[in-house]
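Right, I'll just put the structure down here and ask away after.
The values are calculated or read from the model by the stated rules, or taken from the named source; none is laboratory data. Because the structure is a prediction, the values reported are computed rather than measured. Note: ideal-geometry Cβ built from the backbone for every residue, glycine included; neighbour counts use all protein chains shown. Side chains included, ligands, DNA and RNA excluded: accessible areas come from the protein's heavy atoms. Shrake-Rupley method; radii C 1.70, N 1.55, O 1.52, S 1.80 Å.
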Amino acid sequence: MGYPMSDEERAIQARARALMDTEFIPYEVEAEMNEGNVPDDVLERQHKAVHEAGFDALNMPKELGGGGFTQFEQVLVQEQVGRVTNGLAWIVDTPAAWFPQVATPDQLERYVKPTIRGERSECYAITEEDAGSDVGAIQATARRDGDEYVLDGIKWHVTSFNTADYIFFQGRLTEGPNAGTTALFIVDKDTPGIRVRRVPQYSHTLRFHHAEVEFTGVRIPAANLVGAEDDGMAYAYSWFRYERLMIGARCCGAAERLIDESTAFAKERVQFGKPIYENQAIQFMLADSLTELWAARLMLYETARGIDRGEDLKVQHAQCSMVKLYGSEMAGRVADRAVQIFGGRGYMREYAAERFYRELRVERIWEGTSEIQRAILADQLAKRGAEALVG
Ligand SMILES: Cc1cc2nc3c(=O)[nH]c(=O)nc-3n(C[C@H](O)[C@H](O)[C@H](O)COP(=O)(O)OP(=O)(O)OC[C@H]3O[C@@H](n4cnc5c(N)ncnc54)[C@H](O)[C@@H]3O)c2cc1C
């Protein structure tokens, strides 16, 4: 029973679930108490387990050594990744899926293939102090100088800067025929002129930092320009679509675990001589959470199936926004109810409800805030009508 899927898809789902239950969930509390870290031997074993499960670079093309998973299969895996706190299961790495389509042969060899093999990893430096939702407002600059570009600027919230070894950097061209437009560049992290200004603390406890990074006169080969000079934003849109769908998936996984754990707890926890589950106030919270999870999951699965069928790009874009908007807000409500059901325990860091309550908050902020998703949807609705988007 359940949502219709092939035996192969169900097997992927079961394999991902078992992987999370055995290799990741048991280490959450240890990670929470150790700034997101687990012992090196555990980390090594987790990498091996992901490899053995066949989940290395699962979003990348098979011909380049990736897993070649469909969007639907990826969603099934990412849902399970979302059941784990502290970003422990981010080891199920999904490199930039748009990159192979635009990479030069040289970039394929130096960046794409080693990333798929797990030898290199990337981070994104787009956001700035005055350019968040308004990515078009970036002030970082890029200037062509012979066979090189020179990059300058300060980037905020660069996730995984501490674990990555190269950076996608977005900068505004100051000279030449495309002056004023933005372009995307690949920057090796050890290039002179890159400095971490600050490693701020955030609500969640992850081993991946979100550094504030300064680029001063950073010289990179002209061959490290991604695509053409004036299409820096095109990649961002493709990346946003993908990430928004996968955020929706991880939020569904988180909600499922929260519902499972709070149901089990409510059945066991006795107050006033009976399990708290027997109170309608508790039952109704769980019933609402379950209903909202199902709605989010159906939206997620249908959107992924549509992408696999080759749905119109604009429709994909709008539907991915809906998945992210509804999924992240749903998961936030589910986490809030879970904390309430766990009572005082729900406020303790050793409980998953507390960790999810903090961790899920950012899902409404990154990759486009909820307000930005609504703005995208309102714009699409005015242009295309409801029938085209949800008919
Ligand atoms: C943990 C974390 C990790 C991140 N990782 C990365 C990363 O790896 N690389 C990277 O480049 N960036 C990263 N970001 C940045 C992230 O994408 C931005 O924080 C996000 O896009 C919002 O931008 P902002 O924080 O500047 O908020 P602002 O854009 O200043 O928004 C503030 C508020 O105003 C609202 N608002 C803004 N414009 C409008 C509007 N037109 N209509 C209605 N409301 C509006 C927003 O919705 C929000 O509520 C990360 C952020 C966090 C918190």
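Among the residues of the range 245-263, is any open to solvent by 70 Å² or more (accessible area, probe 1.4 Å), in a helix (DSSP H, G or I) and at negative phi?
Yes, the range 245-263 contains at least one residue that is open to solvent by 70 Å² or more (accessible area, probe 1.4 Å), in a helix (DSSP H, G or I) and at negative phi.
Kindly evaluate residue 319 against the criterion of being under 22 Å from residue 77 (Cβ atoms), among the polar types (S, T, N, Q) and within 21 Å of the chain's Cα centre (by Cα).
Yes: the conditions hold for residue 319.
When the range 319-371 is examined, which residues are found to be surrounded by 18 or more Cβ atoms within 10 Å (Cβ to Cβ), within 16 Å of the ligand (Cβ to nearest atom) and free of Cβ contacts under 8 Å to residues at least 60 places away in the same chain?
Hits for the range 319-371 are 325, 329, 332, 357, 364.
Is there a residue being assigned to a helix (DSSP H, G or I), within 15 Å of the ligand (Cβ to nearest atom) and either open to solvent by 10 Å² or more (accessible area, probe 1.4 Å) or of a type in the set (Ser, Thr, Tyr) (or both) anywhere in the range 219-227?
Checking the range 219-227: not a single residue is assigned to a helix (DSSP H, G or I), within 15 Å of the ligand (Cβ to nearest atom) and either open to solvent by 10 Å² or more (accessible area, probe 1.4 Å) or of a type in the set (Ser, Thr, Tyr) (or both).
Any idea which residue in the range 57-82 is surrounded by the fewest Cβ atoms within 10 Å (Cβ to Cβ), counting only those that are closer than 20 Å to residue 256 by Cβ and among the charged types (D, E, K, R)?
Taking the candidates together, the pick is 73.
Against the definition (farther than 21 Å from residue 288 by Cα, open to solvent by less than 40 Å² (accessible area, probe 1.4 Å), modelled with pLDDT of 95 or more and within 23 Å of the chain's Cα centre (by Cα)), how does residue 389 come out, yes or no?
No: the conditions fail for residue 389.
Looking only at the range 189-218, filter to residues that are under 26 Å from residue 178 (Cβ atoms) and hydroxyl-bearing (Ser, Thr, Tyr); which one of those is least open to solvent (accessible area, probe 1.4 Å)?
Among them, the one singled out is 191.
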